[in-house]
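One structure below.
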Amino acid sequence: MQNTGAETVTWDLDDLIAPPAEAGIDSLLRQAEQRAESFGARYRGRVADLPARGLAELLAEYEWLLDAIGRVESYASLSWSTQSDEPARGALLQKVSESQAALAQKLVFLDIEWANAPEERSRALLDDPALARWRHWLLTTRRYRPHLLSEPEEKILSEKSVTGRRAWTRYFDETMASTLFDWKGQRVPAEVVLRQLYDADRETRKAAATTITRGLAAIQRTTTYVFNTLLAEKASEDRLRRYPSWISSRNIDNQVDDATVEALVSAVTSRYGVVARYYRLKKRLLGLEELFDYDRYAALPAAERRYSWSEARDIVLTAYGRFHPRMAEIASLFFDNRWLDAAVHAGKRGGAFCSSTVPSVHPYVLLSFQGTAHDVMTLAHELGHGVHQYLARDRGVLLQNTPLTTAETASLFGETLVFHDLMDRETDRTVALSLLVRQIESSFATVFRQVAMNRFEEAAHTGRRSRGELTTEALSELWMETQRAMFADSVTLTPDYAIWWSYITHFVHVPGYVYAYAFGDLLVRALYRLFLSGGPGVPSRYLDMLAAGGSDWPAAIVKPLGADLADPGFWGQGVELLEDMVAEAEKLAST
Ligand SMILES: [Zn+2]
């Protein structure tokens, strides 16, 4: 692996908990416990009877408590994510997770009492100016009303989740992080091997795919068992909470209705043809007779370019700054103040993320930078989240974060800005084609691949509910069916590919999550078009939208930009833009 300059880029978590961390955590937890105790003594049984001013005081104290707990939790989990093979960090995470569960139990009465407040009473409070700051939270908290259990039942579920769902997801993470793959005589993490799928050399890609398959097959008993357990746990919780389908609770979380999601999914699946059309072009560009699953990400000959860490930084900041200077200003904070961890090493968890942590601190970004264009786009993606979360801090801990559906808007928009900037800089036609192809592939990964994965999840969840425990083979079959539906005859899926459902962390961590990527991508295509055609006010209206965080329904937040989520033709337009990009690539390829 070449040096990129990112080797020394590690984050500084002191802003979350000042050193010595152990003492800081204990003292903050003790303080939180005391305040949670008196919070309960003061408000339990009275939530629905409080006057508006009293409810506002309660919510301010509640925000303090969540901020304190979130601060400790963020520290433990971020510190663990860069060194997940260090037992002390795992132990700290577990300890904090247990304290958090204990504290959450003391606070759980608030949601329940508020959700159960009589309709008339709650309507009067919602219209009171003293509560304007929390209005959307007060509204959305009541949307779970039909699905909440009694307080003792909620307590049991919350306490049991430590040794239930949370324990299983952590076991999955640790299994994945400790599974090393044989690559060129070395034992390396999956990330490193997965990168080889982008290699221009077919034998390298094929060998990488075989290595991944072997590694996943070796732990398939564990991954199948964990996945089945989580499927079953979700089935029973959904049953207890009376959710009509496996995806209903996710949609309520996302603040969209089932019908909107169905419209999105069918808009995408009904145009799977564009996927086959693109991969036929790619097959031609690669000069291959047949395109196998391990060929899909192959870099085209001209696309070989490496970026140093400082180049990546310049590219992102320039593109952001061109859209709006404030975007670049905020993104710079991450580099200047060590809010980023980009180094690659063993024990670091895979993937990339931006953690919002808590409003009293600031977000942190993690990635493993190896200098590819993909890494540059990942940086643009995560910093998009970073800018969003940073701007939305003023909304407070209850309303800072958007639901998943719009959580990817800023990240994908950041990627889009960087992409067009890179295209503008490019004078070489072949390189422009490669860039376009990469963007198409990235969009396909967020739109078509995620929707195909949503089809797999749907099949797995409904299958587990109707057929009982699923074998590895049964899950693999569902995976192959849902992937084949998308590729048709354009890509040959080898039998090896069947087990590749088993490393996807989203299925384990956040069931139903994946369609949010498609939602976000198609939304961003439309917003970007508005920016290109639009008045000079679009960039600042866009920043206003980010600063709104999750303080209103997604449909209301995007409306000032001219986006109408309820319009059935809206999603189709997003897909049409992708079709245009494929047509453009076909044109560039034939001249
Ligand atoms: Zn993201």
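Within region 407-421, residues that are in contact (Cβ under 8 Å) with a residue 12 or more places away in the chain and β-branched (Val, Ile, Thr) reach partners that are near the ligand (Cβ under 9 Å from one of its atoms) and open to solvent by 10 Å² or more (accessible area, probe 1.4 Å) with beta carbons closer than 9 Å, at six or more positions or on different chains, in the pairs VAL418/HIS381. Can you spot a residue in region 444-453 that is crowded, with 21+ Cβ neighbours inside 10 Å, of a type in the set (Gly, Ala, Ser) and touching a Pro at 6+ places or on another chain (Cβ under 8 Å)? Checked region 444-453: no residue is crowded, with 21+ Cβ neighbours inside 10 Å, of a type in the set (Gly, Ala, Ser) and touching a Pro at 6+ places or on another chain (Cβ under 8 Å).
Of the residues that make up region 301-308, is at least one away from the ligand (no atom under 16 Å from the Cβ), among the aromatic types (Phe, Trp, Tyr), buried (at least 20 other Cβ atoms within 10 Å of the Cβ) and closer than 25 Å to GLU408 by Cβ?
To start, the set of residues in region 301-308 that are away from the ligand (no atom under 16 Å from the Cβ) comprises 301-308.
This time we only want the ones that are among the aromatic types (Phe, Trp, Tyr), so: 307.
Remaining after also requiring buried (at least 20 other Cβ atoms within 10 Å of the Cβ): 307.
Keeping just the survivors that are closer than 25 Å to GLU408 by Cβ gives 307.
Yes, there is a match, as at least one residue in region 301-308 is away from the ligand (no atom under 16 Å from the Cβ), among the aromatic types (Phe, Trp, Tyr), buried (at least 20 other Cβ atoms within 10 Å of the Cβ) and closer than 25 Å to GLU408 by Cβ.
Applying the condition of being within 16 Å of the ligand (Cβ to nearest atom) and small (Gly, Ala, Ser) to region 515-553 and asking which residue is farthest from ALA392 (Cα to Cα) yields ALA518.
Scanning region 550-591 for residues that are among the β-branched types (Val, Ile, Thr) and either at pLDDT below 90 or over 19 Å from ASN251 (Cα atoms) (or both) yields VAL558, VAL575, VAL582, THR591.
Take ASP521 and decide whether it is modelled with pLDDT of 95 or more, within 24 Å of HIS381 (Cα to Cα), in a helix (DSSP H, G or I) and not hydroxyl-bearing (Ser, Thr, Tyr). Working first, answer last.
Working: modelled with pLDDT of 95 or more: no; within 24 Å of HIS381 (Cα to Cα): yes; in a helix (DSSP H, G or I): yes; not hydroxyl-bearing (Ser, Thr, Tyr): yes.
Answer is no for this residue.
With respect to LEU288, determine if the residue is hydrophobic (A, V, I, L, M, F, W, C) and over 24 Å from ASP564 (Cα atoms).
Details: hydrophobic (A, V, I, L, M, F, W, C): yes; over 24 Å from ASP564 (Cα atoms): yes.
Criteria met by LEU288.
Which residue is modelled with the highest pLDDT, if the candidates are limited to region 352-374 and must be within 18 Å of GLU63 (Cβ to Cβ) and within 16 Å of the ligand (Cβ to nearest atom)?
PRO363
Which of the residues belonging to region 380-392 are of a type in the set (A, V, I, L, M, F, W, C) and more than 12 Å from the ligand (Cβ to nearest atom)? Hits for region 380-392 are VAL387, LEU391, ALA392.
Taking region 401-421 as the range and being surrounded by 22 or more Cβ atoms within 10 Å (Cβ to Cβ) and more than 12 Å from the ligand (Cβ to nearest atom) as the test, the residues that pass are THR405, THR416, LEU417, VAL418, PHE419.
Against the numbered list (1) over 30 Å from LEU59 (Cβ atoms); (2) away from the ligand (no atom under 16 Å from the Cβ); (3) open to solvent by 20 Å² or more (accessible area, probe 1.4 Å), ARG395 comes up short only at (1). When restricted to residues that are farther than 17 Å from GLN400 by Cβ and out of contact with any helix residue (DSSP H, G or I) (no Cβ under 9 Å at 6 or more places or on another chain), region 39-80 contains 2.
Can you find a residue in region 460-467 that is hydroxyl-bearing (Ser, Thr, Tyr), more than 21 Å from ALA380 (Cα to Cα) and modelled with pLDDT of 90 or more?
Here is the first cut: in region 460-467, the residues hydroxyl-bearing (Ser, Thr, Tyr) are 462, 466.
Then keep just the ones that are more than 21 Å from ALA380 (Cα to Cα); that gives 462, 466.
Filter once more, so that each one left must be modelled with pLDDT of 90 or more: 462, 466.
Taking every residue of region 460-467 in turn, at least one turns out to be hydroxyl-bearing (Ser, Thr, Tyr), more than 21 Å from ALA380 (Cα to Cα) and modelled with pLDDT of 90 or more.
Sub-9 Å Cβ pairs linking a first residue in region 237-248 that is surrounded by 15 or more Cβ atoms within 10 Å (Cβ to Cβ) to a second residue that is among the aromatic types (Phe, Trp, Tyr) and in a helix (DSSP H, G or I), at least 6 apart or interchain, are ARG241/TYR144; ILE247/TYR515, ordered by first then second residue. Residues in region 68-90 that are more than 21 Å from the chain's Cα centre (by Cα) and either aliphatic (A, V, I, L, M) or at pLDDT 95 or above (or both): ALA68, ILE69, VAL72, ALA88.
Can you tell which of PHE456, PHE444 is within 30 Å of ALA373 (Cβ to Cβ), at pLDDT 95 or above, in a helix (DSSP H, G or I) and under 21 Å from the mean Cα position of the chain (by Cα)?
PHE456
For region 70-81, the count of residues that are under 23 Å from ARG35 (Cα atoms), of a type in the set (Gly, Ala, Ser), in contact with a strand residue (DSSP E or B) (Cβ under 7 Å, 6 or more places away or on another chain) and touching a residue at least 60 places away in the same chain (Cβ under 8 Å) is nonzero. Every condition in (1) closer than 29 Å to GLN94 by Cα; (2) in contact with a Lys or Arg (Cβ under 7 Å, 6 or more places away or on another chain) holds for LEU197 except the one numbered (1).
Tell me which residues, restricted to region 280-300, are touching a Lys or Arg at 6+ places or on another chain (Cβ under 7 Å), open to solvent by less than 10 Å² (accessible area, probe 1.4 Å) and of a type outside the set (A, V, I, L, M, F, W, C). Walk me through how you get there before you give the answer.
Going residue by residue through region 280-300, those that are touching a Lys or Arg at 6+ places or on another chain (Cβ under 7 Å) are 291, 294-295, 298.
Going one step further and asking which of them are open to solvent by less than 10 Å² (accessible area, probe 1.4 Å), we end up with 291, 295, 298.
ASP295, the sole residue that qualifies.
The values are calculated or read from the model by the stated rules, or taken from the named source; none is laboratory data. Keep in mind that what you see is a predicted model, and the values were worked out from it rather than measured. Don't worry about glycine lacking a Cβ; one is built from the backbone with ideal geometry, like all the others, and counts go over all protein chains shown. Accessible surface is based on the protein model in full, side chains and every heavy atom, while ligands, DNA and RNA are left aside. Shrake-Rupley method; radii C 1.70, N 1.55, O 1.52, S 1.80 Å.
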